[in-house]
Structure formats: structure tokens, C-alpha cells
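The values are calculated or read from the model by the stated rules, or taken from the named source; none is laboratory data. Predicted, not measured: the structure shown is a model, and the values here were computed from it. Every residue, glycine as well, gets a Cβ built from its backbone with ideal geometry; the counts of neighbours run over all protein chains shown.
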Amino acid sequence: MLPSRFPCCGLLAPCDVCHDEGATKAHPMEIATRMVCGFCSKEQIFSSTKPCVRCGKHLSGSRSAHWEGGKGCRNRLTMSRKDSKKYSQLNKTVSRRKPTN
């Protein structure tokens, strides 16, 4: 998580829970509008899609084809060829024997 600046008190915190724990006095919380780049420490307007204005690094995590939202993705076309799960059970044979009743 990137540290965010909350306009209600000017506190720099990684999340709203940390903001509530670090606040010295009780006040209504406002949504953070500024964030700090983890690479170059530049404070800038919050954006989850644009790269950093100073160093050009992407601040949000990259999208992974392996784990998305806790559901998991096993699309073998998008998996790395080095992933052992991509080729698991491909050589498994199917029994041709007819079941007896």
C-alpha cells in the first residue's frame, strides 16, 4: 500500500485504519486525495492508473494471470511456460475399459 495524505489532518498513513489509530484527536475522516510514490517519495495527486510524475514508475500493482481477487485463474494460455501447474495432468490417460454392471 502506498502512503496517502489525508486532507482532514494532514497525516500521512498507508490506510484509513492506520489514520484512525494515528490521529491525535477525534475528527471526521476525509478520503485521501494525495499519495506518496514508493520509489522516489514524490507527493502527488492520487491516481491508480497514471505513473509517477517524477520517476515514471507505475504505482499500482501489475495484473497477474495467476491470482485475481482470491478466485484464482488457471487459464493455461496466459500462464508462464515455467509454471509446473500449466502442464500438470496433461499426460494423464483415460481408461477405455467399459464399466461392468
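Considering (1) in a loop (DSSP other than H, G, I, E, B); (2) out of contact with any strand residue (DSSP E or B) (no Cβ under 8 Å at 6 or more places or on another chain), say which one Leu2 fails and leave the rest.
Condition not satisfied by Leu2: (2).
Each row is one residue, and each column tells you yes or no for (1) surrounded by 11 or more Cβ atoms within 10 Å (Cβ to Cβ); (2) closer than 27 Å to Ser4 by Cβ; (3) modelled with pLDDT under 85.
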position	(1), (2), (3)
Ser47	yes, yes, yes
Lys50	yes, yes, no
Val53	yes, yes, no
Lys57	yes, yes, no
Ser62	no, yes, yes
Trp67	no, yes, yes
Arg74	yes, no, yes
Met79	yes, no, yes
Lys86	yes, no, yes
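Among the residues of the range 14-45, count how many are free of Cβ contacts under 8 Å to residues at least 12 places away in the same chain and touching a helix residue (DSSP H, G or I) at 6+ places or on another chain (Cβ under 7 Å).
Final tally of qualifying residues: 0.
Could you grab me the full set of residues in the range 20-37 that are modelled with pLDDT of 85 or more and either surrounded by 15 or more Cβ atoms within 10 Å (Cβ to Cβ) or among the basic types (Lys, Arg) (or both)?
Ala32, Arg34, Met35, Val36, Cys37
Counting only residues that are part of a loop (DSSP other than H, G, I, E, B), within 30 Å of Asn75 (Cβ to Cβ) and of a type outside the set (A, V, I, L, M), how many does the range 85-101 have? Walk me through how you get there before you give the answer.
Keep residues of the range 85-101 that are part of a loop (DSSP other than H, G, I, E, B), which gives 87-101.
Filter once more, so that each one left must be within 30 Å of Asn75 (Cβ to Cβ): 87-96.
Then keep just the ones that are of a type outside the set (A, V, I, L, M); that gives 87-89, 91-93, 95-96.
Number of matching residues: 8.
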